1. If I filter the stretch 175-210 down to residues being under 23 Å from Asp116 (Cα atoms) and hydrophobic (A, V, I, L, M, F, W, C), which single residue comes out as surrounded by the most Cβ atoms within 10 Å (Cβ to Cβ)?
2. Test Leu293 against the stated conditions and say whether it is in the same structural domain as Ser148 (by TED's automatic domain parsing), over 20 Å from Asp263 (Cβ atoms), surrounded by 17 or more Cβ atoms within 10 Å (Cβ to Cβ) and touching a Gly at 6+ places or on another chain (Cβ under 9 Å).
3. Quick test for you: out of Phe215, Phe229, pick the one residue that is in contact with a Lys or Arg (Cβ under 9 Å, 6 or more places away or on another chain), assigned by TED's automatic domain parsing to the domain that holds Ala379, at pLDDT 95 or above and among the aromatic types (Phe, Trp, Tyr).
4. Name the residues in the stretch 260-285 that are assigned to a loop (DSSP other than H, G, I, E, B), without any contact (Cβ under 8 Å) to a residue 40 or more places away in the chain and either outside the structural domain of Leu164 (by TED's automatic domain parsing) or of a type in the set (S, T, N, Q) (or both), would you?
5. Of the residues Asp193, Asp180, which is of a type outside the set (A, V, I, L, M, F, W, C) and farther than 23 Å from Ala248 by Cα?
6. Going by the conditions given, is Pro311 touching a helix residue (DSSP H, G or I) at 6+ places or on another chain (Cβ under 9 Å) and within 26 Å of Glu195 (Cβ to Cβ)?
7. Limited to the stretch 320-354, what total is found for residues that are touching a residue at least 40 places away in the same chain (Cβ under 8 Å) and assigned to a helix (DSSP H, G or I)?
8. Has the stretch 216-232 got any residue that is in contact with a Cys (Cβ under 7 Å, 6 or more places away or on another chain) and part of a loop (DSSP other than H, G, I, E, B)?
Amino acid sequence: MAIFLLRGNARPEARSAIEQGLMATVPDLIEVSSFEPVVQRTPGAKRGGTPTVLVVAPPDDQRYFDRLVEVAAQYRNEIFLILISDEISGSDYKRLVRTGAADWASAKAGPQEVLDIIARRHPLVPAPGAAALSTDAGRPITISFVPSAGGVGNTTLAVEVASLLKMKKTARERRICIIDLDFQTSHVCDYLDSEPRFRIEEFSNTPERLDEHLFELFTTHHSSGIDVFAAPRSKFSSDALNIKALDAFFNIITKRYDLVFVDHPVTWFSWTAQVIAASDGAIITGINTIPCLRQISETLALIRSGGSPTPPIGIVLNRCDRNLLGAVARRKYVFRVLSDEQVFFISSWPQAVESVNMGVPMVLGASTGKLQKEYAKLAGFCAELKSTRVASA
């Protein structure tokens with residue numbers, strides 16, 4: 001993977017502090033004065049991955065920023081830009097990230113933030129100057145979020161738990177992704193104010209087409225550090241999906257990530273049971289009503305009827321009502337129906353609507369101590385799961 005440093009002033013004595021830090025930290029950093037040398041050598045360099053261009057931007061130059069956004073969009077399949085500058089506005093950051101080929105690092109943070117971005121983009125390549133992660137390669141933890149009915153908040157729960165784990169010190173270094181298997185009505189990226197890129201129809205009938213380059217094109221990199229695989233809404237027939245295409249996709253996933261959240265659609269397809277059986281844990285989601293508790297019981301029975309050993313299962317009752325003392329309403333009935341099951345209760349939070357409209361997970365918002373505490377129990381269950389698969393050679 002080639003890494004370039006684009007400098008407006010090529011004189012070595014005129015290097016800024018951040019440029020000097022990058023030169024000292026990143027081995028084999030190539031200095032260029034324009035994008036032309038990078039683009040010209042890209043076709044021959046694709047085997048090593050998409051080249052990364054570090055751009056130290058001049059302060060308060062909006063025209064320069066606008067030009068970078070244009071370049072990132074134009075060459076999104078050929079290069080990846082990391083803009084290094086002083087603070088930028090939220091709207092400018094969104095413009096940059098939405099190109100799908102750029103990110104921003106604060107110049108005040110020094111080289112480490114740049115190295116972290118490089119490591120997220122190329123998890124198989126250790127970050128320059130950084131120690132390798134202490135995770136078992138090829139053995140990610142895969143967790144299936146399975147809705148017992150429509151409208152129970154399955155996607156919200158997956159997004160909130162993944163976001164909470166990513167912000168916690170104990171799991172911050174774990175490479176996390178969310179996979180939305182609803183190819184017709186996906187809305188994970190709506191919740192994260194991001195662009196969906198996962199076009200599985202491009203290799204569904206020809207799984208051998210899926211390579212590292214195409215995989216990268218399908219990846220949505222969120223500012224939280226979580227990667228998302230979600231399809232633009234279409235009429236693609238999920239039931240006609242070739243299971244070999246999913247196998248090829250998950251084979252690459254196992255090499256890149258440590259923690260994988262799979263957001264299942266309500267509809268049960270021919271491949272659903274296989275995906276759940278291959279997971280290291282399952283979360284069945286529902287709400288605290290009598291009809292939904294029955295649906296949860298039926299979903300439990302269906303998962304456990306597969307014959308093969310079932311993964312550990314947790315049950316989440318979302319949008320629960322609480323009484324004046326804070327106790328969950330109808331709690332005793334829940335435990336009568338779901339005796340001996342591990343149940344997590346998530347309250348109905350007023351921040352939910354604002355969170356969806358803003359495209360920011362609730363746990364990342366301000367004044368969310370109680371909310372985070374409630375989600376922490378579910379996040380802890382997910383974080384403590386162990387892989388039962390044997391690492392591939």
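The values are calculated or read from the model by the stated rules, or taken from the named source; none is laboratory data. All of these numbers come straight from a predicted model, not from anything done at the bench. When we count neighbours, we look across all protein chains shown, and the Cβ atoms used for this are built from the backbone with ideal geometry, even at glycine.
1. Ile178
2. Yes: the conditions hold for Leu293.
3. The unique qualifying residue is Phe229.
4. Thr267, Ser270, listed by residue number.
5. One residue alone meets the criteria, Asp193.
6. In short, no.
7. 4
8. The answer is yes, given that some residue of the stretch 216-232 is in contact with a Cys (Cβ under 7 Å, 6 or more places away or on another chain) and part of a loop (DSSP other than H, G, I, E, B).
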